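> First the structure, then my questions, so here it is.
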Amino acid sequence: MKFCVFGAGAVGGFVGGMVARTSAEVSLVARGDHLTALKKNGLRVVTPDEEFTVTPPATDDPAELGVQDVVFLSAKAHALTAAAEAMRPLIGPDTIIVSAQNGIPFWYFHAHGGQLDGHTLQTVDPGSRIAGTIGCERVIGCVITSSNTVVEPGVVRNIGNRIFAIGEPDGTLSPRLNDIAEILTEAGLDAPTTPAIRSEVWVKMWGNVSFSPMAALTMSKLGPLVERDDLQRLGVSIMEEVQAVGEALGVPFHQKIADRVEGTRKVSGHKTSILQDLEAGRPMEVDGITGAVVELGRLTGVETPMIDLTYALLRQRAREAGLYPEIGFDPLALPDA
């Protein structure tokens, strides 16, 4: 199995490093100093249990790698339009795309079955350029619960959890889904298959839209956000709005908000990815996560006052830092449904 990780940063690097020790033929697409280190020294993976180095091919030119059986797409949401175009040399008739972005994924309404079936969110995929290039029929959704950082170029650290839930957009437990689960499991990752991958998306959105933006706005690790009563209450109020939007789309929540908060407490020392991006001067994920829920709130008629406020503040924080990728669309300007 030819297995390419497109976007071999913190999460992608961890996945690529783990899968590189299996029977799969792994390659990495990365850039900058990280790519230079990967080429020179290989990829070093540090986990609570072990440290190891692997040396898969690494490049910033996908054309060097050719058609793949699987592309694990872990590029940031705001980078997907460019990533989709760059991925063309990797994609053949039977290539599977494992889509592992934070936020509402571009394929969300593919094979959805509801009244929004086939709808495109402008905060996520303006003009349907991503879906039109990749093809949603190729996609397997992936929702990640795993804390990873690039501690220095070429070195990825995992500090907790390695859950990679995967599912088909149409809910089938297909042979190709099982194939992906097998290779991830062989790599030592927890890869449960689910007929309800959108439920997993929304459970993760609880944190993505609450404590993650709060971390960027306060420059704080997760600990104080759940340990201080005032901040925890704010986070919970945002999570309640997230749940209301998800339920309006027919998504059942099989976990309680309190349990999710406790799960956050267990990784209290972690810096969220959006805070890591802010500190490193990288473009911040704003629209595809928080902005997408604002847009969905308008589409479903669910009021989201705390999310609207969080989005406005986060967007301005990113703008002031010069890290906001403008999309030419403002979900706050949409009329209510």
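> Kindly provide the set of residues from the range 304-320 that are touching a residue at least 12 places away in the same chain (Cβ under 8 Å) and surrounded by fewer than 16 Cβ atoms within 10 Å (Cβ to Cβ), ordered by number.
Across the range 304-320, the qualifying residues are PRO305, ALA312, LEU313.
> If we scan the range 108-128, do we find a residue that is within 28 Å of LEU332 (Cα to Cα), touching a Ser or Thr at 6+ places or on another chain (Cβ under 7 Å), in contact (Cβ under 8 Å) with a residue 12 or more places away in the chain and among the aliphatic types (A, V, I, L, M)?
Checked the range 108-128: no residue is within 28 Å of LEU332 (Cα to Cα), touching a Ser or Thr at 6+ places or on another chain (Cβ under 7 Å), in contact (Cβ under 8 Å) with a residue 12 or more places away in the chain and among the aliphatic types (A, V, I, L, M).
> Restricting to the range 26-38, what's the tally of residues that are under 11 Å from PRO57 (Cβ atoms) and surrounded by fewer than 17 Cβ atoms within 10 Å (Cβ to Cβ)?
Count: 0.
> I've got another one for you. Return the only residue of VAL70, VAL98 being touching a residue at least 60 places away in the same chain (Cβ under 8 Å) and under 16 Å from the mean Cα position of the chain (by Cα).
Answer to the selection: VAL98.
> Do we have any residue at all in the range 276-288 that's polar (S, T, N, Q), outside the structural domain of THR120 (by TED's automatic domain parsing) and under 20 Å from VAL151 (Cα atoms)?
yes
> OK, next. Restricting attention to the range 208-228, report how many residues are more than 16 Å from MET284 (Cβ to Cβ) and either of a type in the set (Phe, Trp, Tyr) or part of a helix (DSSP H, G or I) (or both).
The total comes to 6.
> Can you name the residue in the range 268-303 that is surrounded by 22 or more Cβ atoms within 10 Å (Cβ to Cβ) and not in a helix (DSSP H, G or I) and is also modelled with the lowest pLDDT among such residues?
THR272
> Condition first: surrounded by fewer than 20 Cβ atoms within 10 Å (Cβ to Cβ), aromatic (Phe, Trp, Tyr) and assigned by TED's automatic domain parsing to the domain that holds ARG162. Can you find one or more residues in the range 54-72 that meet it?
No, the range 54-72 contains no residue that is surrounded by fewer than 20 Cβ atoms within 10 Å (Cβ to Cβ), aromatic (Phe, Trp, Tyr) and assigned by TED's automatic domain parsing to the domain that holds ARG162.
> Also, quick follow-up: Among the residues of the range 152-173, is any aliphatic (A, V, I, L, M), under 15 Å from the mean Cα position of the chain (by Cα), within 24 Å of GLY269 (Cα to Cα) and assigned to a strand (DSSP E or B)?
Yes, the range 152-173 contains at least one residue that is aliphatic (A, V, I, L, M), under 15 Å from the mean Cα position of the chain (by Cα), within 24 Å of GLY269 (Cα to Cα) and assigned to a strand (DSSP E or B).
> Further question: Considering every residue within the range 11-21, establish whether at least one is free of Cβ contacts under 8 Å to residues at least 40 places away in the same chain, of a type outside the set (Val, Ile, Thr) and surrounded by fewer than 16 Cβ atoms within 10 Å (Cβ to Cβ).
no
> Filtering the range 163-186 down to residues that are touching a Gly at 6+ places or on another chain (Cβ under 9 Å) and under 20 Å from VAL71 (Cβ atoms), which residue is surrounded by the fewest Cβ atoms within 10 Å (Cβ to Cβ)?
Once the filter is applied, the top-ranked residue is ASP170.
> Answer yes or no as to whether LEU80 is hydrophobic (A, V, I, L, M, F, W, C), within 30 Å of ILE289 (Cα to Cα) and more than 21 Å from the chain's Cα centre (by Cα).
No.
> Of the conditions (1) crowded, with 19+ Cβ neighbours inside 10 Å; (2) of a type outside the set (D, E, K, R); (3) touching a residue at least 60 places away in the same chain (Cβ under 8 Å), GLY160 fails just one. Which one is it?
The number of the failed condition is (1).
The values are calculated or read from the model by the stated rules, or taken from the named source; none is laboratory data. It should be emphasised that the depicted structure is a prediction, and the values quoted were computed from it without experimental measurement. Cβ atoms come from the backbone with ideal geometry, glycine included; neighbour counts cover every protein chain shown.
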